[in-house]
Every structure is written in structure tokens, then in C-alpha cells.
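*Asks:* My structure is below; once you've seen it, I'll send some questions.
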Amino acid sequence: MTDRALYIAMTGASANLQAQASVSHNLANADTTGFQATLDGTVAAPVTGPGLASRVAVEHRVLGVNGAQGTLQQTGNPLDVALHADRWLAVQASDGSTAYTRAGDLKLTPNGLLTTASGLPVLGADGAPLAIPPFQSLHIGGDGTISVVPQGQPASTISEAGRLQLVQADARTLVRGDDGLMRAPPGVELPRATGNALTTGALEGSNVDATGALVSMIQLARAFEMQVRVLHTTDENARSANSLLSAR
């Protein structure tokens, strides 16, 4: 029984440390535009292998992301877009793959390439990075259409410069990568978003509940201390038992 208690306490302490890291990551992104908090938990996982299934470990599991929308912040910047619920902006990840984000603080490079604030190219409806020609004014429509008044042209001369690639997906169906971007599961093609999918001149804030995250950190710290105390107590019991046996 002693080794069972040690094993459960040890794996429980390890799972608590992983959970603390996840909560810390959420807290660090409490002010990140479009960030969605990671949801995690612990589960009982029987240890498989030769012999009887008499050992149970505690495992940390990432359960997905919180799909709730963050607070809408009006900015008036024509390059800022706040995506509606279950809508995602397609970008080109650093490895060249297509990934999705809700961070709508877009930027233009000196050569006209539309990117995210972190420098990732934004993809157009055709799947290629979007390049915007020189313009006097720009407007992004609710469906992702980018309209511009070309440089040197009268205000009545409006032309379409491209369209953002927007998809519709529940956050629970996507997988967050190590780079923080969301991706579709292998073999799944996400449907394109239709109709009004975004609000221009606004940004969606992080949906992290900072107060709740701090409370969770305290609870996890106390749980970790309890697991460590169980380890110490079990070790002391084992030492006492060995002393009794050796004294006979």
C-alpha cells in the first residue's frame, strides 16, 4: 500500500505543477488581443503493463480552449478587426502551414503585405498572403472584403483589394499548437464564414478571467503542498515499519 500512496501522490504533484504552468500561461496573456484561455484538468489514469492493473496515476490533460468572447474594445483603426463568435482569421504560420487566430490587430509592412501584429502573413480568400496596393483610404467590410481608394484617385474611386480568409469553427473542434495558433484536426476542412463575420475598428480582448486564474493558482499551490506532505508522511510510515520489522 505504501508504494501505491507514494505513486499517486507523486503523479498528483506532477499534474499540479503542469496545471500551474497552464494557469500561469493564461495569466501572462490576460492582455493579449484575441487570446482564449486554455482549459485543463486532472484525470485518473490506470497504469498499464505486465501484471495486475493495481496502480493508478494522476494525469494532467489539456481539455481545449475557452470559446467565450473577450471584451470588445473600440479603436477606430481601420486595420483593427474583432471577429464574431466562432469566426477565425486564417494566417500563414512560421512553418508555412495554415493556422487560425482571433487576434485582429493587423499591420501593413512597407511593401504592402498584410500581417498580424506578430508578423505572420494574413491569408486571402484564395489561400495566398494578402498584399494591399498603395491607397489613400482603406475599409474592411463585415464579410472580410478589403476596399481601398487607390493612391492619387478621387474618393469616389473604390476598388476591392482582396478578401480576408475567414472560417467558421467551434473552438472545441480546433487544436492549439505550441506557437499559440489554432489548427484544424488532420483531414478536416473548415467551412468558410459567410455573412457578417467581424467588426471593423475594434479589437477583442483576452477572455482570461484574471481573478479566477489567481484563485486557481492558490488552490493548485495548496494541493501541491498537500501532495508533498503525503509523500513525506508515507515515507516516514515506511521507515517506521522497516524499523519495527528489523527489531524483531
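*Asks:* Do you know which residues across region 89-131 are under 20 Å from Asn77 (Cα atoms) and of a type in the set (Ser, Thr, Tyr)?
*Replies:* Within region 89-131, Thr101, Thr109, Thr115, Thr116, Ser118 qualify.
*Asks:* Report yes if Gly144 is out of contact with any Ser or Thr (no Cβ under 6 Å at 6 or more places or on another chain), crowded, with 17+ Cβ neighbours inside 10 Å and within 30 Å of Gly64 (Cα to Cα), otherwise no.
*Replies:* yes
*Asks:* Counting just the residues of region 125-141 that are assigned to a strand (DSSP E or B) and not aliphatic (A, V, I, L, M), which one comes out surrounded by the most Cβ atoms within 10 Å (Cβ to Cβ)?
*Replies:* Filtering region 125-141 for residues that are assigned to a strand (DSSP E or B) and not aliphatic (A, V, I, L, M), the one surrounded by the most Cβ atoms within 10 Å (Cβ to Cβ) comes out as Phe135.
*Asks:* Which of the numbered conditions does Val122 fail, given that it passes all the others? Conditions: (1) outside any strand (DSSP E or B); (2) under 23 Å from the mean Cα position of the chain (by Cα); (3) farther than 15 Å from Gly180 by Cα.
*Replies:* (1)
*Asks:* If you don't mind, another one. What do you reckon, is Asp95 surrounded by fewer than 18 Cβ atoms within 10 Å (Cβ to Cβ), in contact (Cβ under 8 Å) with a residue 60 or more places away in the chain and either more than 27 Å from the chain's Cα centre (by Cα) or within 18 Å of Met182 (Cβ to Cβ) (or both)?
*Replies:* No: the conditions fail for Asp95.
*Asks:* With respect to the numbered conditions (1) modelled with pLDDT of 90 or more; (2) within 33 Å of the chain's Cα centre (by Cα), which one is the sole condition not fulfilled by Ser159?
*Replies:* (2)
*Asks:* Let me ask you something else. Where residues in region 23-37 are in contact with a helix residue (DSSP H, G or I) (Cβ under 6 Å, 6 or more places away or on another chain) and closer than 14 Å to Leu220 by Cβ, which of them is surrounded by the fewest Cβ atoms within 10 Å (Cβ to Cβ)?
*Replies:* Leu27
*Asks:* Which one of these is over 27 Å from Ile132 (Cβ atoms), modelled with pLDDT of 90 or more and not basic (Lys, Arg): Leu164, Leu174, Leu181, Leu203?
*Replies:* Leu174
*Asks:* Further question on the same structure: Collect the residues in region 61-92 that are of a type in the set (D, E, K, R) and either touching a residue at least 40 places away in the same chain (Cβ under 8 Å) or more than 30 Å from Asn16 (Cβ to Cβ) (or both), keeping them in residue-number order.
*Replies:* Asp80, Asp86, Arg87
*Asks:* Additional query: Filter the strands (runs of 3 or more DSSP E) completely within region 142-248 down to those with at least 3 residues that are more than 24 Å from Gln73 (Cα to Cα) and not β-branched (Val, Ile, Thr).
*Replies:* Correct list: 159-163.
*Asks:* Now a separate question. Check Ala19 against each of (1) on the phi > 0 side of the Ramachandran plot; (2) out of contact with any Lys or Arg (no Cβ under 7 Å at 6 or more places or on another chain) and name the one condition it does not meet.
*Replies:* Every condition holds for Ala19 apart from (1).
The values are calculated or read from the model by the stated rules, or taken from the named source; none is laboratory data. A quick note: this is a predicted structure, and the numbers were derived from the prediction, not measured. Positions of Cβ are backbone-derived with ideal geometry, glycine not excepted, and every protein chain shown enters the neighbour counts.
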